[in-house]
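The values are calculated or read from the model by the stated rules, or taken from the named source; none is laboratory data. Since the structure is predicted, the reported quantities are computational estimates derived from the model, not experimental observations. Methodologically, a virtual Cβ is constructed for each residue, glycine included, from the backbone with ideal geometry; neighbour enumeration extends over all protein chains shown. Only protein heavy atoms, including side chains, enter the accessible area calculation; ligands, DNA and RNA are left aside. Shrake-Rupley method; radii C 1.70, N 1.55, O 1.52, S 1.80 Å.
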Amino acid sequence: MKNIPSLDDQAECLTRSHTLFRHLSDKELTGLQNEKLTEFHRRGTVLYHEGSRINGFYCIEKGIIKVYKTGIDGREQIIRFARKEDIIGFRSILSHELACTTAEVIEDAVTCYISGETLINLVKNNGNFSIELMQLTCRELGEANEYITDIAQKTVRERLAEILIHLTDEFGLDDNKILRITLTREELSNIVGTATESVIRLLSEFKQDRLIELSGRKMKILNIPGLMKVGNLYNYK
């Protein structure tokens, strides 16, 4: 990780426009901004490893971070993607536990790093901040519960279609309907929770069904209603 001081003035995530920080006092917000360490990270950089001790948390200003767990066989299971204004690493600080996931940059990123001591002080001294953080934790837990249900009840084909819809909602499409995040076939399989070969076969089927088009890692989404039907997302919002 390389610290680039000139990036400090460009980092805007630690402001009251961010839901988590909107209840901070002027003094707390100024202290946070003065303490933050703004860093630039190239693709492939690991911010922290599963099983390591985390001494602070990250607010994402730019780029995309994949957060994943490693299975017994060494296979990655991607839990989520963090992007602008998301925060990662805070749960291990609050629980005083080692990191339960690994965070790796998949699109060049700028982050703001804040010490764990500062986070704990804010939780102790600012009730509204604590509630916002608790609500964030509950939302992430709810998403994890939904994923567990999908793994148990949906086929791989259904899960892949649902993942493509989620990625479309989260990252959007450009003017040519190209998904604004590029993932390898292995990364897609690590989200869905299946073998890479299965994802490759299903993507080919989706292409034949005119649901998507593929060009290397780039993916054009042609038929959102069709993907929703495949994914059994009739009540999806």
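Quick check on my link table: of K69/K220; K66/K229; K36/K177; K36/K220; K154/K177, which ones sit more than 31 Å apart, alpha carbon to alpha carbon? Display every interim value, and only then the final one.
Numbers: K69/K220 28 Å; K66/K229 27 Å; K36/K177 37 Å; K36/K220 38 Å; K154/K177 27 Å.
Violating the 31 Å limit, Cα to Cα: K36/K177; K36/K220.
Please report, in debye to the nearest 20, how large the charge dipole of the chain is about its Cα centre when each Lys and Arg carries +1 at its beta carbon and each Asp and Glu carries -1 there.
460 debye
When only the heavy atoms of the protein chains count and the probe is 1.4 Å, how do I151, I79, I72 rank by accessible area, highest first?
If we order I151, I79, I72 from most to least accessible, we get I72, I79, I151.
Please list, in order, the residues from region 168-191 whose amide nitrogen is less than 14 Å from a point placed 7 Å along the Cα→Cβ vector of I224.
168-180
Per residue of region 213-229, what does 6.51 cos²θ - 1.76 cosθ + 1.60 with θ = phi - 60° give for ³J(HN,Hα)? Whole Hz please, x for Gly and Pro, Karplus curve as stated.
So the J values, rounded to whole Hz, are 10, 10, 9, x, 7, 7, 10, 9, 8, 9, 9, 5, x, x, 5, 5, 5.
Counting only heavy atoms of the protein chains, get the accessible area per residue of region 132-216 (1.4 Å probe) and round it to a whole Å² value. Please list the in-between numbers first.
Numbers: 4520 Å² over 85 residues.
Spelled out: the 1.4 Å probe surface of region 132-216, per residue, equals 53 Å².
Let me cross-check E117: its accessible surface, 1.4 Å probe, with only protein heavy atoms counted, in Å² to the nearest 10?
Looks like 130 Å² after rounding.
What FRET efficiency, computed as 1/(1 + (r/R0)^6) with R0 = 22 Å and r the Cβ-Cβ distance, is obtained for K69 and S25, rounded to the nearest 0.05?
Working: r = 37 Å, r/R0 = 1.67.
Here the calculated transfer efficiency is 0.05.
Take the chain, connect every pair of alpha-carbon atoms lying under 10 Å apart with a spring to form a Gaussian network, then pick out the residue of G74, G44, G172 with the largest mean-square fluctuation.
Of G74, G44, G172, the most mobile in the Gaussian network model is G74.
Could you tally the net charge around C100, taking each other residue with its Cβ under 10 Å from the Cβ of C100, Lys/Arg +1 and Asp/Glu -1?
Details: positive: K69, R91; negative: E50, E97.
Cβ neighbours under 10 Å give a net charge of 0.
Hey, rough spin-label estimate for Q153 and R53, points 7 angstrom out along Cα→Cβ, what's it come to in nanometres?
So the label points at Q153 and R53 sit 4.3 nm apart.
Roll a 1.4 angstrom probe over the protein heavy atoms and tell me the percent of accessible area of region 42-197 that is carbon or sulfur.
Of the solvent-accessible surface of region 42-197, carbon and sulfur hold 50 percent.
As a test question: what accessible area, to the nearest 10 Å², does M134 have when a 1.4 Å probe is rolled over all protein chains in place?
Ignoring ligands and nucleic acids, M134 comes out at about 110 Å².
Looking at the chain, identify the longest residue range that excludes and avoids all chymotrypsin sites (Phe, Trp or Tyr not before Pro) in DSSP loops having at most 13 other Cβ atoms within 10 Å.
In the chain, the maximal stretch lacking such sites is 1-233.
Quick one: ranking K84, K27, K62 by accessible area, 1.4 Å probe, largest first, what do you get? If you can, show how the numbers build up before the last one.
Values: K84 100, K27 180, K62 125 Å².
Order by accessible area, largest first: K27, K62, K84.
Need one value: the accessible area of C112 in square angstrom, 1.4 angstrom probe, rounded to the nearest 10.
Taking all protein chains as shown, C112 has close to 0 Å².
Which length gain, in nm to one decimal place, applies between Q135 and S204 when the Cα-Cα distance is subtracted from 0.36 nm times their residue separation? Provide the component values of the computation, followed by the final result.
Details: separation 69, 0.36 × 69 = 24.84 nm, distance 3.95 nm.
Contour length minus Cα-Cα distance gives 20.9 nm.
Which net charge results for the neighbourhood of I221, defined as the other residues with beta-carbon distances under 12 angstrom from its beta-carbon, given Lys and Arg at +1 and Asp and Glu at -1?
+3
Using modelled amide H (1.01 Å from N, peptide plane; none on Pro or chain starts), what sits under 5 Å from the amide H of L47, excluding residues fewer than 5 places away?
A103, E104, V105
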